[in-house]
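Notes to accompany the following structure.
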Amino acid sequence: MKHVEDKLLVQIAQMYYQEDKNQSQISKELNIHRSTISRLLKKSREEGIVTITINYDLAGTYTLEKELEEVYGLKKAIVVPTAVDIQSEQKLQLLGSATNDYLQSILDDNMTIGFSWGQAMSMVAAELQETEVQNLMCLPLIGGPSGRLIGEYHVNTITFEASKKLKSKAVLIDSPAFPETKELKEALMANQFNQDLVQLWQQLSIAVFGIGSPQMKDSARWQLFYDDNILEELEEQVVGDVVSRFYDAKGQHISSKLDERLIGISIDQLKKVDYRIAVAESLEKASAIRGALRGKYMNVLVTTQETAEAILKDI
């Protein structure tokens with residue numbers, strides 16, 4: 001009897017894996033219910049009749065992902081293979097698509113998702129796909145820009161676009177990230193709407209954000225978000241920022257008067273979020289990403305192969 005069953009297992013495996021027939025076709029040809037075909041295919045793998053070998057390193061990224069996860073204790077590292085000569089916008093599109101794939105795998109009913117600002121976040125929102133998950137909420141992690149940031153990079157634009165894609169509720173923010181004075185911030189935060197937003201930050205299931213670097217301070221996006229003299233208020237050892245919370249090469253948060261003015265999720269609140277997804281790439285940002293990893297600001301990293309290699313070069 002065992003011999004007959006083994007013969008059937010081999011026959012079904014051959015039809016499925018070598019002849020490229022689907023389970024419905026096999027079911028019709030052998031007059032066996034489709035659910036039985038599925039069960040027998042699983043059994044053929046369990047008994048070693050079928051062995052599946054995946055050559056992860058063909059993509060050149062699997063080893064990098066595992067090393068990042070082990071070195072920095074990440075839940076997940078997603079390293080996207082990219083051609084060296086493609087434009088930054090194309091790289092970010094690939095990162096946005098990879099972020100969507102990961103989000104789709106972890107989304108569940110009643111989750112609250114927070115977003116930061118910037119080009120990477122804009123691409124994440126653009127690449128999001130519809131989901132069957134119910135009762136989601138999208139909200140900003142930080143206030144708006146001090147300058148005239150391009151609309152598509154604004155945190156409210158990103159949050160609203162994400163909510164449309166995910167068919168979810170959206171909460172937007174009507175306050176700048178850096179009010180001119182601490183007193184103005186306190187007045188803004190006394191508003192019930194902003195008080196409600198603070199409570200929502202404490203209930204976040206997922207936070208999605210980019211990583212900033214002082215090396216990018218000459219870029220138009222940096223200058224349109226921050227005041228021109230923003231770094232004058234910080235110590236020289238700043239290597240990066242996450243939702244405008246600045247840190248050094250060891251990942252230690254650098255407290256400053258800016259924190260007193262900032263309207264945004266706190267470091268303590270951020271670190272309590274179950275899924276903290278950082279989306280960032282470029283060799284210029286490698287030290288900033290490395291610092292953020294050391295500081296445990298994220299537990300999921302989405303980046304490119306060349307950036308991952310640069311991060312791991314100086315552990």
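The values are calculated or read from the model by the stated rules, or taken from the named source; none is laboratory data. Values in this document were obtained by computation on a predicted structure and should not be read as measured data. So basically every Cβ, Gly included, is an ideal-geometry build from the backbone, and we count neighbours across all protein chains shown.
Which condition does F178 not pass, out of (1) modelled with pLDDT under 90; (2) of a type in the set (A, V, I, L, M, F, W, C); (3) touching a Ser or Thr at 6+ places or on another chain (Cβ under 8 Å); (4) more than 21 Å from L200 (Cα to Cα), if it passes all the others?
All conditions pass for F178, except number (4).
Tell me, which residue of region 136-160 that is over 17 Å from I263 (Cβ atoms) and out of contact with any Ser or Thr (no Cβ under 8 Å at 6 or more places or on another chain) is surrounded by the fewest Cβ atoms within 10 Å (Cβ to Cβ)? Explain how you work it out, then say what you get.
Let us first name the residues in region 136-160 that are over 17 Å from I263 (Cβ atoms), namely 136-138, 148, 150-153, 157, 160.
In the following step, the residues that additionally are out of contact with any Ser or Thr (no Cβ under 8 Å at 6 or more places or on another chain) were identified as 148, 150, 160.
Values: R148: 9, I150: 14, F160: 18.
Checked region 136-160; the qualifying residue surrounded by the fewest Cβ atoms within 10 Å (Cβ to Cβ) is R148.
Would you check if there is a residue in region 263-286 being at pLDDT below 95, among the small types (G, A, S), assigned to a strand (DSSP E or B) and farther than 18 Å from L103 by Cβ?
The answer is yes, given that some residue of region 263-286 is at pLDDT below 95, among the small types (G, A, S), assigned to a strand (DSSP E or B) and farther than 18 Å from L103 by Cβ.
Restricting attention to region 45-66, which residues are modelled with pLDDT of 90 or more and either aliphatic (A, V, I, L, M) or over 30 Å from K296 (Cα atoms) (or both)?
Within region 45-66, L64 is the sole residue that qualifies.
Take region 67-100 and flag every residue that is part of a helix (DSSP H, G or I), loosely packed, with under 14 Cβ neighbours inside 10 Å and modelled with pLDDT of 95 or more. Outline the logic, then answer.
Pass one, region 67-100, residues part of a helix (DSSP H, G or I): 67-72, 88-100.
Keeping just the survivors that are loosely packed, with under 14 Cβ neighbours inside 10 Å gives 70, 88-90.
Listed by number, the list holds a single entry, E70.
Restricting the first residue to region 260-274 and requiring it to be under 19 Å from E186 (Cβ atoms), which pairs with a second residue that is part of a loop (DSSP other than H, G, I, E, B) and of a type in the set (F, W, Y) meet a Cβ separation below 9 Å and a spacing of at least six or different chains?
Every condition considered, the pairs that remain are R261/F178; L262/F178; I263/F178.
List the number of the failed condition for R290; all other conditions in (1) part of a loop (DSSP other than H, G, I, E, B); (2) at pLDDT 95 or above; (3) of a type outside the set (A, V, I, L, M) hold.
Unmet for R290, out of (1) part of a loop (DSSP other than H, G, I, E, B); (2) at pLDDT 95 or above; (3) of a type outside the set (A, V, I, L, M): (1).
Can you tell me which residue is surrounded by the fewest Cβ atoms within 10 Å (Cβ to Cβ) among those in region 290-307 that are within 15 Å of the chain's Cα centre (by Cα) and under 14 Å from V80 (Cβ atoms)?
Our first condition is that a residue be within 15 Å of the chain's Cα centre (by Cα); within region 290-307, this holds for 292-293, 296-304.
Next, only the ones that are under 14 Å from V80 (Cβ atoms) stay: 300-304.
Details: V300: 22, L301: 27, V302: 26, T303: 31, T304: 25.
Ranking the candidates gives V300 first.
Would you be able to say whether some residue in region 110-127 is exposed (fewer than 14 other Cβ atoms within 10 Å of the Cβ) and either part of a helix (DSSP H, G or I) or at pLDDT below 95 (or both)?
From region 110-127, those exposed (fewer than 14 other Cβ atoms within 10 Å of the Cβ) are 110; that's our starting set.
Next, from what is left, pick out any that are either part of a helix (DSSP H, G or I) or at pLDDT below 95 (or both): none.
Within region 110-127, not a single residue is exposed (fewer than 14 other Cβ atoms within 10 Å of the Cβ) and either part of a helix (DSSP H, G or I) or at pLDDT below 95 (or both).
Looking at region 173-195, is at least one residue in contact with a Lys or Arg (Cβ under 6 Å, 6 or more places away or on another chain), surrounded by 15 or more Cβ atoms within 10 Å (Cβ to Cβ) and not hydrophobic (A, V, I, L, M, F, W, C)?
As a first pass, look at region 173-195 and keep what is in contact with a Lys or Arg (Cβ under 6 Å, 6 or more places away or on another chain): 178-179, 182, 185.
Adding the requirement that they be surrounded by 15 or more Cβ atoms within 10 Å (Cβ to Cβ) leaves 178-179, 185.
In the following step, the residues that additionally are not hydrophobic (A, V, I, L, M, F, W, C) were identified as 179, 185.
Taking every residue of region 173-195 in turn, at least one turns out to be in contact with a Lys or Arg (Cβ under 6 Å, 6 or more places away or on another chain), surrounded by 15 or more Cβ atoms within 10 Å (Cβ to Cβ) and not hydrophobic (A, V, I, L, M, F, W, C).
Can you find even one residue in region 137-146 that is of a type in the set (S, T, Y), in contact with a Phe, Trp or Tyr (Cβ under 9 Å, 6 or more places away or on another chain) and assigned by TED's automatic domain parsing to the domain that holds W201? Even if it seems obvious, please write down each step before you answer.
From region 137-146, those of a type in the set (S, T, Y) are 146; that's our starting set.
Next, from what is left, pick out any that are in contact with a Phe, Trp or Tyr (Cβ under 9 Å, 6 or more places away or on another chain): 146.
If we keep only those that are assigned by TED's automatic domain parsing to the domain that holds W201 as well, we get 146.
The answer is yes, given that some residue of region 137-146 is of a type in the set (S, T, Y), in contact with a Phe, Trp or Tyr (Cβ under 9 Å, 6 or more places away or on another chain) and assigned by TED's automatic domain parsing to the domain that holds W201.
Could you tell me whether region 221-231 includes any residue that is part of a loop (DSSP other than H, G, I, E, B) and at pLDDT 85 or above?
Initial filter on region 221-231 (part of a loop (DSSP other than H, G, I, E, B)): 226-229.
Among the residues that remain, those that are also at pLDDT 85 or above are: none.
No.
Restricting the search to region 266-315, which residues are of a type in the set (D, E, K, R) and over 28 Å from Q203 (Cβ atoms)?
Residues of region 266-315 that are of a type in the set (D, E, K, R), as a first pass: 268, 271-272, 274, 276, 281, 284-285, 290, 294, 296, 306, 309, 313-314.
The answer is E281, E284, K285, R290, E306, E309, K313, D314.
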